[in-house]
Every structure is written in C-alpha cells, then in structure tokens.
1. Under 7 Å by Cβ, and 6 or more places apart or on different chains, what pairs join a residue from segment 63-92 that is over 24 Å from VAL38 (Cα atoms) and at pLDDT below 95 with one that is basic (Lys, Arg) and in a loop (DSSP other than H, G, I, E, B)?
2. Please go through segment 105-160 and give me each residue that is touching a strand residue (DSSP E or B) at 6+ places or on another chain (Cβ under 7 Å), part of a helix (DSSP H, G or I) and under 22 Å from TYR176 (Cβ atoms), ordered by number.
3. From MET20, MET25, MET83, MET1, grab the single residue that is within 27 Å of PRO164 (Cα to Cα), of a type in the set (A, V, I, L, M, F, W, C) and open to solvent by 80 Å² or more (accessible area, probe 1.4 Å).
4. Output yes when any residue across segment 66-76 is closer than 19 Å to LYS157 by Cα and under 14 Å from the mean Cα position of the chain (by Cα), and no when none is.
5. What number of residues within segment 161-181 satisfy the criterion of being in a helix (DSSP H, G or I) and of a type in the set (A, V, I, L, M)?
6. Can you tell me which residues in segment 109-147 are among the aromatic types (Phe, Trp, Tyr) and either open to solvent by 40 Å² or more (accessible area, probe 1.4 Å) or within 17 Å of ILE166 (Cβ to Cβ) (or both)?
7. Mind listing whichever residues of segment 40-59 are in contact with a helix residue (DSSP H, G or I) (Cβ under 6 Å, 6 or more places away or on another chain) and open to solvent by less than 30 Å² (accessible area, probe 1.4 Å)?
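The values are calculated or read from the model by the stated rules, or taken from the named source; none is laboratory data. Predicted model, so just to flag it, every value in this text is computed and none were measured. Reconstructed Cβ throughout: ideal geometry from the backbone, glycine too, with neighbour counts over all protein chains shown. Just the protein is used for accessible areas: all its heavy atoms, side chains included, with ligands, DNA and RNA removed. Shrake-Rupley method; radii C 1.70, N 1.55, O 1.52, S 1.80 Å.
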Amino acid sequence: MFGDPVQNPMGWEVKKLGKMCSAIMNGTTPKGGEQVYVENGITFLRSQNVWRNKIDLDDVAYIDEATHKSMKKSSLKKYDILMTKTGRINTENSSLGRAALFLGEDDSANINGHVYLIRLEKEYNHEFVIRILTSPEYRDYIRSICVGGIDKRQVNKDHIEEFPIIQPPKELQDEYSTFVQQIDKSKFEIWLTLQNYDIIEKRVF
C-alpha cells in the first residue's frame, strides 16, 4: 500500500520519529543485576524478550514493587513501542533494533538498560509505526546507521529521534491497521485449530 518506507518512492510526507513522541528513553539495570530479581512481581523486560513485533516471555525476569517505583520513568504504558539497543549486524536473529508493541496494562512492566521505550503522541497510529520499524527495509536502515565495533553495534537515542517515518493520510493508516489486525486474528484462529487438532490426534492415535 505504501511502498518502501525508507526510500519512500510514493513521495509521502515524512516526519522524524522524535517529533511524533512524548518520550523516548531506555530503561535501567537495577543495582545488583540479577540478584534483585524475584520469583513473582513486576514484569521486567530485557532484550531477549523483544523480538520482531513480538514480546517473548519465556525468559522473563521480575522485580519487586519498590525497585519498579524507583525506575518510574521507564514504567511502561499500553501501546509503548519497545526497541532493543545493541546487537550484532551479521546475524539473522540479531538483537539490534528489534521492535515490538507492549499491550499490557499501564505500569505493569518495566525495561532494562538495553531496551528503549518509544511513546507516541495519541494522534499517531502505533500499529502503523511498529509495522514500519519491523519491516525488512527498516532492518537494513538501522544497520546502516548504528555505531560500535565489529562484534556489537548500538542504536542511540539520537538515531531513533531522527528515524524517518512516512505519513500517508490517517484514514489509509487506519485502514491498513484494521487489515493487519484481521490477518493476525485469522492466523491465531488457524493456530488454535491446529493445536486442537493435534490434541485430538494424540487422543485418537
């Protein structure tokens, strides 16, 4: 619908991501590191939890309420975009610049120092922006601007603020978001059907 979001062959208006946000910041790694993690508490997201438009909780950590309150600035709000800060550039699953949408309740999670939160102003379509940031074109773009050594590169806050984001008419963005949500719902329903079929097959055979 919109063409390459970096090269912008359709000539859409472009805004810098920093101009679209009320906040861009990375989290904090609490003093003591893993020693302050608790068995149950506030979800504490690290780079291994942030994938391409997906938050993976298989290896999630937790912090207590007091630690969470001491890191109030990076307490997450629903629809915050999370982006990983560091990683290699020559591997398919590199943690560099991966992005996902946080869909939990306000203030129910926090992030460590290797993850940025990107909080859009209310008038912008978060679904549209996350799809841009997780596109193959943007993956290449992030790798072209990152800094650091051979083994590990980094995306800085200054880079994120300068990210170019195409601005098609809002109604087209909303139409696209609705389409994507329908596709995701269909994928989930198919997955659920396959899971149920697998359970039935195991019981029968």
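1. These pairs meet every condition: THR86/LYS152; GLY87/LYS152; ARG88/LYS152.
2. HIS126, VAL129, ILE130, ILE132, LEU133
3. After ruling out the rest, the residue left standing is MET1.
4. Taking every residue of segment 66-76 in turn, at least one turns out to be closer than 19 Å to LYS157 by Cα and under 14 Å from the mean Cα position of the chain (by Cα).
5. Result for segment 161-181: 2.
6. TYR124, PHE128, TYR138, TYR141
7. Selection gives ILE42 alone.
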